[in-house]
Amino acid sequence: DGGITQSPKYLFRKEGQNVTLSCEQNLNHDAMYWYRQDPGQGLRLIYYSQIVNDFQKGDIAEGYSVSREKKESFPLTVTSAQKNPTAFYLCASSKPGQGNEKLFFGSGTQLSVL
Amino acid sequence: AQTVTQSQPEMSVQEAETVTLSCTYDTSENNYYLFWYKQPPSRQMILVIRQEAYKQQNATENRFSVNFQKAAKSFSLKISDSQLGDTAMYFCAFMKGTTDSWGKLQFGAGTQVVVTP
């Protein structure tokens, strides 16, 4: 079955440490996205990529970095510059175009600070 | 910038009853999409229903239907014949209809729906 796989499910970060969240899709989708969810809030867009080797900042990109070297993969690095990294992170993908407005989401990664 | 407001933090409904969730949004765009996503305790995001702004007809998906009032910028979700499995957080979301905005959703804060036996 096609879908989006996020790993790990839970991740802990020490002070000053960079951590990387994995997102892989086998849906052959061109576009991929990273969203952050805080308790009591809706999702907010961190970064997105509409094509391989290209990505754009979303609404809350500071303290994060991404790469898109392969169509299937869109890893997110939470750097030490992100002072409040504790949140639930969701990766999504889509095939842009009329009739394809649905986002397909992964099952998420909960990041906590030790 | 677009904003999406969900004014009901939590709603409770009995099985088989109907519940309506409210959502308002602010935009100057004429071409856009609106969505309701469901997030159960598993935290998986599931698309419930979507509406294209240029379509006047309200979208329906089985027990889920919307009341889209474009002039009032209102997009409410009605859940009919509520089931225990409907217990979840429900998010309203907005997306501009331009190519460079695809997948860039603005979400409301969510409404927690609890279905009781």
Taking beta carbons within 10 Å but only from partner chains, what does the mean come to for residues B:99-112?
6
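Over all distinct alpha-carbon pairs, what is the Kirkwood Rh of region B:1-85 in angstrom?
Mean inverse Cα-Cα distance, inverted, gives 13.8 Å.
In percent, how large is the relative contact order of region B:21-102, given Cα pairs closer than 8 Å and 6 or more residues apart?
38
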Please arrange A:Ser67, A:Ser93 by counting, for each residue, the other beta carbons lying within 10 Å of its beta carbon, fewest first.
A:Ser67, A:Ser93
Label-reachable residues, region B:94-117, where backbone N falls under 11 Å from a point 7 Å from B:Met11's Cα toward its Cβ:
B:111-114
To the nearest 0.05, the calculated FRET efficiency linking B:Thr27 and A:Ser112 through their beta-carbon distance, R0 being 41 Å, is 0.70
Give the cross-link partners of B:Lys55 among the lysines, using a straight C-alpha distance below 27 Å as the criterion and excluding same-chain residues fewer than 8 apart.
A:Lys95, A:Lys102, B:Lys38, B:Lys70, B:Lys73, B:Lys78, B:Lys96, B:Lys104
Ratio for the protein assembly as shown, C-alpha Rg to 2.2 N^0.38 Å, reads 1.01
Output needed for region A:13-114: three equivalent-ellipsoid semi-axes, defined as square roots of 5 times the C-alpha gyration tensor eigenvalues, in descending order, whole Å.
23, 15, 11
Quick one: compute the contact order of region A:1-48, relative version, from alpha carbon pairs under 8 angstrom and 6+ residues apart, as a percent.
32
What number, in percent, do you get for the relative contact order of chain A if the mean sequence gap of Cα pairs under 8 Å and at least 6 apart is divided by its residue count?
35
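Every number in this text was worked out from the coordinates using simple rules, so none of it is lab data. Predicted, not measured: the structure shown is a model, and the values here were computed from it. Using ideal geometry, Cβ is built from the backbone for each residue, glycine included, and neighbour counts are taken over all protein chains shown.
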